[in-house]
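The values are calculated or read from the model by the stated rules, or taken from the named source; none is laboratory data. Computed from a prediction, not measured in an experiment: that's the story for all the values here. Cβ coordinates were reconstructed from backbone atoms using ideal geometry, including for glycine residues, and neighbour counts include every protein chain displayed.
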Amino acid sequence: MVQYFIDGGAFMWPILISLVFGLGFALERAYSLIISSINSQKFYEDISEILENESVQVAVDLCDNTPGPVAEVFHAGLTRFHRGLREVEKAVQNAGSLEMAFLEKNMIWLNTVITVAPMIGFTGTVVGMIDAFDAIKAANDISPAVVAGGISKALLTTAFGLITAMIIQIFQNFFVSRIDKLIFDMEENSVKLLDKLHLQYEKLAQG
C-alpha cells in the first residue's frame, strides 16, 4: 500500500489530507451524535411524571442534567411555562430549529471531501496521461514500457480518490440516518410535551 502511494505521485498527498480531514470531522460528528442519543420515550415519561407529581422546576432541572436535542427542546419550553402556551410553542419551535442546525453542523465538510477527493484523483489521472504521452513523444515509441509509468500514476490517483470518497460517504450516510432519527424523536416528543402542557394549563385554570 505504501508503495502504491509513492507510485501515485504528488497528487496522492492532497488525497491523503482529504481523507484525514474527512475522518476528523467524522469522529467529531460521531461523538456529538453519541452524546445526543438518549431513550427519548423514557425521558418523556420521566418528565410527564414529574409534571404530574412535582413541579415544572424539577422537570427543568432534569432537562439541565440530560444531554441531547430532546432535552434542550423540553428545557426551552418548560422554562417559559409561566408565560403561557403560545410562548412555550414558540420556544419549542425556535429550540428545535437550533438543535437541527447543531445536529447537521460540519456535515458540509464531509460532502466537500466526497466531492473533492475524486476530483483530485481525476486531476492526477489527467497529469499521469500527459506524462505518458510526453514519454511517447520523447521516445518516439508507444511500447508498454514507455507509457506504463504515467498510466500507473493515473490509475492510482483515481483509485485512491474514489476510495477516500467511498469511506467518507459511508460515514455520511450513517450520520444522516442517525440525524433523521434524532430529529424525528425531537419533533414527536415536542408534540407530546405540548399536549401534556396543554393539559397542565387546563388543570391550573380549573384549580
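Annotations for the structure displayed:
- Residue pairs whose Cβ atoms lie under 7 Å apart, separated by 6 or more positions or on different chains, with the first residue in segment 102-120 and farther than 21 Å from SER32 by Cα and the second among the aromatic types (Phe, Trp, Tyr), are ILE120/PHE11.
- Residues of segment 164-193 satisfying the condition of being basic (Lys, Arg) and under 11 Å from the mean Cα position of the chain (by Cα): ARG178
- Contact annotation: residue pairs with Cβ atoms under 7 Å, 6 or more positions apart or on different chains, pairing a residue in segment 57-70 that is farther than 13 Å from SER36 by Cα with a partner that is of a type in the set (Ser, Thr, Tyr), are VAL60/THR79.
- Among the residues of segment 102-118, those that are at pLDDT below 90 and either among the charged types (D, E, K, R) or at negative phi (or both) comprise PHE102, LEU103, GLU104, LYS105.
- Candidates are the residues of segment 161-207 that are among the hydroxyl-bearing types (Ser, Thr, Tyr) and loosely packed, with under 15 Cβ neighbours inside 10 Å; the one that is modelled with the lowest pLDDT is TYR201.
- For segment 1-37, a residue qualifies if it is surrounded by 16 or more Cβ atoms within 10 Å (Cβ to Cβ) and β-branched (Val, Ile, Thr), and exactly one does: ILE15.
- Conditions (1) free of Cβ contacts under 8 Å to residues at least 60 places away in the same chain; (2) touching a Pro at 6+ places or on another chain (Cβ under 7 Å); (3) of a type in the set (S, T, N, Q): number failed by SER36: (1)
- Picking from residues in segment 132-145 that are surrounded by fewer than 17 Cβ atoms within 10 Å (Cβ to Cβ) and in a helix (DSSP H, G or I), the one that is modelled with the lowest pLDDT is ALA145.
- Of all residues in segment 38-94 being crowded, with 20+ Cβ neighbours inside 10 Å and small (Gly, Ala, Ser), the one that is farthest from the chain's Cα centre (by Cα): ALA59
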